[in-house]
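Structure, as structure tokens:
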Amino acid sequence: MKDAEMAVEDKRFQEQALGDAAQAIRNTIVGRLHDDGLNHHDVQFRVKAPASAAEKLTRRDHDGLLKYPGGLERLDDLIGVRVILFVESDIDAVAIALSNQFTCLDDEDKTAMMRKNGGIGYAGRHLTLEVPAHNPPTNCRDYAGYRFEVQIRTVLQHAWAEFEHDIRFKGSSGDNAEISRAFTMASTLIELADQQFVNIADTLKRLQSEGAIVPVPETQMLDAGSLQTVLNRAFPQYRSSKENQYDWMVDVLAANGIGTVSAAEEWFKSIDARKVAKLMAYRFNPGQVRIADDLLLQSFGESYVDATKSVGSDRNRESKLLSRLRRLRDELDGQRDD
């Protein structure tokens, strides 16, 4: 036990240091979701207490060997992050985005495994990630090598899991048959509700792209709602972004002289989104705001970087835009050589 206690006294693994690392990791994840236009409800984190970490280091298997012989640096759950989404169909995209941002050590869909085995509940999609030593995210430069776990699930799955945990683990219900049956019924209803949320999102996007929903007047000044309508018609194949990202894109467009619904409609209709998608080689369907950002960047180049580098609160936006612009141009030059 003494070795474990000494390990948790290491400055790097004290709660304050872990808390700072966790906050930096959360900020990076939120920034990545924003950059990719991925809608989400919340990103939360927690840090394991020193006593809990020390106890875990003393655990042994059936043969009497330490389960975690590598010490604290080999523990993956000192920092835990939870990404809560609105629709289940976004889980894969978020997992891919985070695996691109950090080094992915493990990826396990525990909910899918549970369903396959006939179980109930929402363990979520679990990623074990590490801040890379080479080219770490800007916010995480001081935390290279830190490992952390990420759990991804929907709002409904989150509500079910939190309530079930409170009842089964913090309460005294044990394996009460009546309570277990009620949880089974609730799990089934939530699974159906999650699927309906996906259907609603898909139906809304289809109706907007078909013009079945009454459009806003084209002379109206752009706001978040009218811009979403414009982008739904222009890019029906891309997922909706988080609501506040449309507000942000309104400011971005205004900085480039596009301030009305008609001007936005005209501009986005004149652009071939498939060309930019091919150049960027997205590993998943990005959000509408991300594709719009890349289209504007590809069209206006350095002038777009100068005009929008200070729009919003992302202090690293300029460097991100320049990196994406180089990628766009390198891919374009490569296609021309071919």
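If I filter region 302-334 down to residues being closer than 23 Å to Lys278 by Cβ and exposed (fewer than 13 other Cβ atoms within 10 Å of the Cβ), which single residue comes out as modelled with the lowest pLDDT?
Looking only at region 302-334, we keep the residues that are closer than 23 Å to Lys278 by Cβ, and these are 302, 304-305, 320-334.
With exposed (fewer than 13 other Cβ atoms within 10 Å of the Cβ) added as a condition, the list becomes 302, 323, 326, 330, 333-334.
Numbers: Glu302: 95, Ser323: 92, Arg326: 92, Asp330: 83, Asp333: 73, Gly334: 69.
Ranking the candidates gives Gly334 first.
Hey, could you check region 298-336 for residues that are outside any loop (DSSP other than H, G, I, E, B) and in contact with a Lys or Arg (Cβ under 6 Å, 6 or more places away or on another chain) and say which is nearest to Val94 (Cα to Cα)? Steps first, answer last, please.
Start the filter on region 298-336 by keeping residues that are outside any loop (DSSP other than H, G, I, E, B), which leaves 298-300, 302-308, 317-336.
From what's left, in contact with a Lys or Arg (Cβ under 6 Å, 6 or more places away or on another chain): 317-318.
Numbers: Arg317: 20, Glu318: 23 Å.
Taking the candidates together, the pick is Arg317.
Being under 21 Å from the mean Cα position of the chain (by Cα) and among the charged types (D, E, K, R) is the filter here, so list the residues in region 273-317 that pass it.
Arg283, Arg290, Asp293, Asp294, Asp314, Arg315, Arg317
Against the condition farther than 30 Å from Leu297 by Cα and not assigned by TED's automatic domain parsing to the domain that holds Arg324, how does Gly37 come out, does it pass?
no
Looking at region 237-263 only, could you name the residues that are of a type in the set (S, T, N, Q) and either part of a helix (DSSP H, G or I) or within 18 Å of Phe86 (Cβ to Cβ) (or both)?
Of everything in region 237-263, those that are of a type in the set (S, T, N, Q) and either part of a helix (DSSP H, G or I) or within 18 Å of Phe86 (Cβ to Cβ) (or both) turn out to be Ser240, Ser241, Asn244, Gln245, Ser262.
The values are calculated or read from the model by the stated rules, or taken from the named source; none is laboratory data. The structure presented is a predicted model; accordingly, all values stated were derived computationally and were not measured. Positions of Cβ are generated from backbone atoms using ideal geometry, with glycine treated the same way; all protein chains shown enter the neighbour counts.
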